[in-house]
Amino acid sequence: DTGVSQDPRHKITKRGQNVTFRCDPISEHNRLYWYRQTLGQGPEFLTYFQNEAQLEKSRLLSDRFSAERPKGSFSTLEIQRTEQGDSAMYLCASSLDGGMNTEAFFGQGTRLTVV
Amino acid sequence: AQSVSQHNHHVILSEAASLELGCNYSYGGTVNLFWYVQYPGQHLQLLLKYFSGDPLVKGIKGFEAEFIKSKFSFNLRKPSVQWSDTAEYFCAVRGTGTALIFGKGTTLSVSS
């Protein structure tokens, strides 16, 4: 399967713990996006990378959240001191750098439950 | 700020019925418009997209959507739904920036 891959698929953690998620984009895609989706809502944009540079961050991305894409390939999203409100599906997407006319391909997501 | 509004939260249809899901967006500039579908247990998949040109776009599985600029709308249609179309449907817009802005989604349930 050459699509966007996310790991783990599910994560249950206790409040206050740190968690890290990984995303492997489609290999030739240099843009990578993180979204969060809660029940009854559409995906909400968190942050975006072009190659290894983090170019845009949403106001939703609090100080407890950090994302990296060190070599312009895979990306990690870390949440420190998790809170119950962080429970959500975290989606990764990737696309080619084709200007406006590009489509994003999504992974299956990591479902985080904070207890 | 850009936003997307999907009018129907949950639509229930019988097989062979026609489908129209509403989507309106708020942004006055040039936009890219998308419909994504999420089948149960699967990832978001692109149904169709509008970038420019013919405002009537055709996607996969018999879906189509019409971009009406004056109404800021991009409604999704299918003449005859099947049980396998049961899924959640998301409208999304990209205006300024690169991020997609999604609506809240519409759950479609098709009974056989």
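In this Cβ point-charge picture (+1 for Lys and Arg, -1 for Asp and Glu), chain B has a dipole of about 260 debye about its Cα centre. The mean of 1/r over all distinct Cα pairs in region B:29-92, once inverted, gives the Kirkwood hydrodynamic radius of 12.3 Å. By the count of neighbouring beta-carbon atoms within 10 Å, fewest first, A:ASP7, A:ASP24 end up ordered A:ASP7, A:ASP24.
What FRET efficiency, computed as 1/(1 + (r/R0)^6) with R0 = 35 Å and r the Cβ-Cβ distance, is obtained for A:VAL115 and A:PHE74, rounded to the nearest 0.05? Kindly include the intermediate steps, with their values, before the conclusion.
Numbers: r = 28 Å, r/R0 = 0.79.
My answer for the efficiency is 0.80.
For A:LYS14, the lysines whose Cα falls under 30 Å of its own Cα, not counting residues fewer than eight places away in the same chain, are A:LYS57, B:LYS104. For the protein assembly as shown, a Kirkwood hydrodynamic radius built from all Cα pairs, placed in the Stokes-Einstein relation at 25 °C and 0.890 mPa s, yields a translational diffusion coefficient of 135 µm²/s.
Is there a quick way to get the dipole size of region A:31-82? I mean about its Cα centre, with the Cβ of Lys and Arg at +1 and of Asp and Glu at -1; what is the value in debye to the nearest 20? Kindly include the intermediate steps, with their values, before the conclusion.
Details: 8 positive and 6 negative charges, 7 e Å.
Using only the charged Cβ atoms, the result is roughly 40 debye.
Take every Cα pair under 8 Å whose residues are at least 6 apart in sequence, average their separation, divide by the length of chain B, and the relative contact order is 38 percent.
Using Cβ counts within 10 Å as a stand-in for footprinting exposure, how do B:CYS91, B:CYS23 rank, fewest first? Please list the in-between numbers first.
On the way: B:CYS91 30, B:CYS23 26.
Fewest to most other Cβ atoms nearby, the residues stand as B:CYS23, B:CYS91.
Summarised as an ellipsoid, chain B has semi-axes of 23, 14, 12 Å, derived from the eigenvalues of the Cα gyration tensor scaled by 5 and square-rooted, with the largest first.
Counts of other chain beta carbons within 10 angstrom of each beta carbon in peptide B:53-66 average 0. Per-residue Cβ neighbour counts within 10 Å put A:LEU112, B:LEU56 in the sequence B:LEU56, A:LEU112, beginning with the fewest. Between A:PRO8, A:TYR48, A:THR82, whose Cα lies farthest towards the positive end of the dipole of region A:6-115 when Lys and Arg beta carbons carry +1 and Asp and Glu beta carbons carry -1, centred on the Cα centre? Towards the positive end, the residue furthest out is A:THR82. Inter-chain neighbour count for B:99-110: the average number of beta-carbon atoms from partner chains within 10 Å of each residue's beta-carbon is 4. Note on chain A: Kirkwood radius taken over Cα pairs, Stokes-Einstein applied at 20 °C and 1.002 mPa s, translational D equal to 152 µm² s⁻¹. Of all lysines in the structure, the ones whose alpha carbon falls short of 20 Å from that of B:LYS61, not counting any fewer than 8 places away in one chain, are B:LYS49, B:LYS78.
None of the figures in this text is laboratory data; all of them are computed from the coordinates on show. Only a predicted model underlies this, so the values are computations on that prediction, with no experimental measurement involved. All Cβ positions, glycine included, derive from the backbone under ideal geometry; neighbour counts span all protein chains shown.
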